[in-house]
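Here it is: the structure, laid out below.
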Amino acid sequence: MAAPQTPTSLAATYRMLDGRDIPAFGLGVWAMSDKQTRAAVTWALEAGYRHIDTAEWYENEGAVGDGLRAFLSSPAGAGMTRDDIFITSKLMHNRSYDDTLADLRASLARAGLDYFDMYLLHAPTGGSMMQAKRDGLARSIGVSNFSPKHLQEIVARGDEMPAVNQIDLHPFMRHQEYVASCREHGILLEAWAPLARGLRFEHPVIETVAEKYGKTPAQVHLRWGLQHGYIVIPKSASRNRIIENADVFDFALSAADMEQLDALDEGLTTDWDITKLD
Ligand SMILES: NC(=O)c1ccc[n+]([C@@H]2O[C@H](COP(=O)([O-])OP(=O)(O)OC[C@H]3O[C@@H](n4cnc5c(N)ncnc54)[C@H](OP(=O)(O)O)[C@@H]3O)[C@@H](O)[C@H]2O)c1
């Protein structure tokens, strides 16, 4: 599979291998309190985001549901329904199928939702969740932090392939073998920490490129991800930064600048080192 076409608007989607579409741009809500999450989700949806990324681990699924409902019942959400917004959550501990189903139902109950658009296995700890999809509780199933070896194990089991693999991807951490393996299997890449958590905003190359296009370092990071065909889910609890991060559809990084940014890869780990997950 080649990299998907670069999305042209905040509403743009990529087609997944299960035939469904996923918005290429979303809001991540890791490390946000309930109050921050409710506000950020509402602000993001008002700004045109159509995709929210939460997890059982983040302990804010309820606030995501609250923010979604607040938006849908506000003037900004007029004419829209739950089906217009793509909500992802993630399973924390993958044990038996029954335990997985119980956790998924608990996550849905906390969020006050009937289904998630995407349910991810947060880390490669074995097992399959495809029954949850057949039961209609999750419309697509994906994985997170899966290595090429983990994907090969799915192939060996003869299981359905996940629609996405969410891994850390930004100019300073390119995980090229992971990307190649996902592409080989037709799996979309979803970039967590697409801003590298702001750790390299002052890098001279980032600053120079940002200045050249009249954009911010955060926007350069996100545009780099989109031009590689990744789904990007930047986290921000600030209304201004939520709006700023989405303003990345009016410029294109040149091939030479993409190469320059690609060359920044230093294997920068911003959270867990996914190459150590077995
Ligand atoms: N699957 C996994 O294992 C995994 C792991 C980590 C993260 N994730 C997901 O990926 C999402 C994003 O990753 P992340 O939260 O780790 O990191 P990130 O999105 O790369 O960076 C977030 C940080 O950047 C700041 N920020 C956001 N926009 C900014 C801007 N325009 N200018 C300056 N600073 C800005 C945020 O602060 P403010 O909030 O103050 O703006 C926050 O400190 C998470 O929220 C989560 O949904 C998944």
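The values are calculated or read from the model by the stated rules, or taken from the named source; none is laboratory data. None of these values were measured; they are calculated from a predicted model. A quick note on method: Cβ atoms are made from the backbone with ideal geometry, for glycine too, and the neighbour counts reach across all protein chains shown. These area figures cover heavy atoms from the full protein model, side chains too; ligands, DNA and RNA do not enter into them. Shrake-Rupley method; radii C 1.70, N 1.55, O 1.52, S 1.80 Å.
Any residue at all in segment 87-96 that is touching a residue at least 40 places away in the same chain (Cβ under 8 Å) and closer than 24 Å to Thr13 by Cα?
Yes, segment 87-96 contains at least one residue that is touching a residue at least 40 places away in the same chain (Cβ under 8 Å) and closer than 24 Å to Thr13 by Cα.
The rows are residues; the columns are (1) modelled with pLDDT of 95 or more; (2) out of contact with any Leu (no Cβ under 7 Å at 6 or more places or on another chain); (3) under 27 Å from Asp257 (Cα atoms).
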position	(1), (2), (3)
Glu153	no, yes, no
Glu211	yes, yes, yes
Pro217	yes, yes, yes
Tyr230	yes, no, yes
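While we're looking at this one, here's another question. Within segment 234-241, can one find any residue that is open to solvent by 30 Å² or more (accessible area, probe 1.4 Å) and more than 9 Å from the ligand (Cβ to nearest atom)?
So far as segment 234-241 goes, yes, one or more of its residues are open to solvent by 30 Å² or more (accessible area, probe 1.4 Å) and more than 9 Å from the ligand (Cβ to nearest atom).
What pairs come out if I take residues in segment 262-278 that are farther than 17 Å from Pro148 by Cα and within 13 Å of the ligand (Cβ to nearest atom) and pair them with residues that are outside any loop (DSSP other than H, G, I, E, B) and modelled with pLDDT of 95 or more whose C-beta lies under 7 Å away, six or more apart or interchain?
Close Cβ pairs satisfying both conditions: Leu268/Met173; Leu268/Ala196; Thr269/Met173; Thr270/Asp168; Thr270/Ala196; Thr270/Arg197; Asp271/Asp168.
Any residue that is away from the ligand (no atom under 14 Å from the Cβ) and touching a residue at least 60 places away in the same chain (Cβ under 8 Å) - is there at least one of those in segment 33-52?
yes
A further question follows. Please give the number of the condition Ala76 fails out of (1) farther than 15 Å from Leu189 by Cα; (2) touching an Asp or Glu at 6+ places or on another chain (Cβ under 6 Å); (3) within 16 Å of the ligand (Cβ to nearest atom).
Single failed check for Ala76: (3).
Shifting gears a bit: Restricting the search to segment 56-76, which residues are outside any loop (DSSP other than H, G, I, E, B) and open to solvent by 50 Å² or more (accessible area, probe 1.4 Å)? Explain how you work it out, then say what you get.
Initially, segment 56-76 is screened for residues outside any loop (DSSP other than H, G, I, E, B), giving 56-58, 61-72, 75-76.
Across segment 56-76, the qualifying residues are Trp57, Asp66, Arg69, Pro75, Ala76.
May I ask you to list the residues in segment 23-55 that are open to solvent by less than 30 Å² (accessible area, probe 1.4 Å) and of a type in the set (Ser, Thr, Tyr)?
Within segment 23-55, Thr37, Thr42, Tyr49, Thr54 qualify.
Please enumerate the residues belonging to segment 1-22 that are touching a Phe, Trp or Tyr at 6+ places or on another chain (Cβ under 6 Å), open to solvent by 10 Å² or more (accessible area, probe 1.4 Å) and either closer than 16 Å to Ile52 by Cβ or within 16 Å of the ligand (Cβ to nearest atom) (or both).
Leu10
If a residue has to be small (Gly, Ala, Ser), surrounded by 14 or more Cβ atoms within 10 Å (Cβ to Cβ) and under 17 Å from Ala196 (Cβ atoms) to count, how many in segment 242-278 make the cut?
Of the residues in that region, 0 qualify.
If you scan segment 77-115, which residues turn out to be charged (D, E, K, R), modelled with pLDDT of 95 or more and outside any helix (DSSP H, G or I)?
Across segment 77-115, the qualifying residues are Lys90, Asp114.
Here's a check for you: in segment 186-224, which residue that is open to solvent by 40 Å² or more (accessible area, probe 1.4 Å) and touching a residue at least 60 places away in the same chain (Cβ under 8 Å) is nearest to the ligand (Cβ to nearest atom)?
Arg197
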